[in-house]
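In what follows, a structure is listed as structure tokens, so that the remarks can point back to it.
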Amino acid sequence: MMRSLLVRGMLAGLAAAALALLVAWLYGEPQVEHAIAVEEAHAAHEGHGGHEEEVVSRTVQKTAGLITALGVYGVALGGLFAIAFAVAYGRIGAFGARATAALVALGGFVAVELVPFLKYPPTPPAVGNPDTIGGRTALYFGMVALGVLSVVAAAIVFRRLLPRLGAWNAAIATAAGFAVVLALVYRLTPTPDAVADGFPATVLWDFRIASLGVQVALWATLGLVFGVLAERAVRRPSPAAAAA
């Protein structure tokens, strides 16, 4: 069963990556081009002669590079998603395969994308002080880890409160506690200045919304497609049961 779920997870991840790639091409790449144009104009104004020559051309970056990156990421994420589904199925409530997949996708999106996004939103490649890239990267992945731990803890707390408070009250109490923990984490963690002065706010906003849209497409497709595929897998009888 686990092998079957892993295969289905990787297939669902590949489908999710394909849709995320379409969103990135339509909405994300134009904002990257705008950011690069702003950087070049600023460098020309300062007399630096434009940005440094790219090791990999922009054409390769937004075609083969983006396809490869999203494809590998989608397949790997799909495999991890299948493992998370196998752990959650039957343990978070009397949910079917589709509902469980949807809940796991929602939890994964909140933990891996939304929690770090609210504190350290992405910036276009041409923006930001290069001297702070290492520190900002470490802070971002630290926030991802905290997001995963917080979501797992929230799921455990909800399950513990469910018999005593009921589903509705347990969900409200868990969400309130989750919000309080995040507020404290956001307050205590540093916020490095990642955007150069004078960068157009509209371009930055559009880029961040496009980045969030790519992740929404990825996780939503992963949850929906995997739910359909997993439902068939869990309904299929085992060889021993079929023989009996």
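The values are calculated or read from the model by the stated rules, or taken from the named source; none is laboratory data. Because the structure is a prediction, the values reported are computed rather than measured. Here Cβ is always computed from backbone atoms with ideal geometry, including for glycine, and neighbour counts include all displayed protein chains. Please note that ligands, DNA and RNA were not included when accessible areas were found on the heavy atoms of the full protein model with its side chains. Shrake-Rupley method; radii C 1.70, N 1.55, O 1.52, S 1.80 Å.
With a 1.4 Å probe and all protein chains kept in place, how do 232, 164 rank by accessible area, largest first? Numbers along the way, then the final one.
On the way: 232 150, 164 180 Å².
Listed by decreasing accessible area, they come as 164, 232.
Would you mind getting me the FRET efficiency between residue 167 and residue 87? Use the beta-carbon distance for r and R0 = 25 Å, nearest 0.05.
Numbers: r = 21 Å, r/R0 = 0.83.
Given R0 = 25 Å and the Cβ-Cβ separation, E is 0.75.
Label 7 Å along Cα→Cβ of residue 98; the range 196-232 residues with amide nitrogen under 14 Å?
The answer is 223-232.
Just grab the label-to-label distance for residue 234 and residue 202, each label 7 Å out from Cα along the Cβ direction, in nm (one decimal).
Inter-label distance under the simple model: 4.8 nm.
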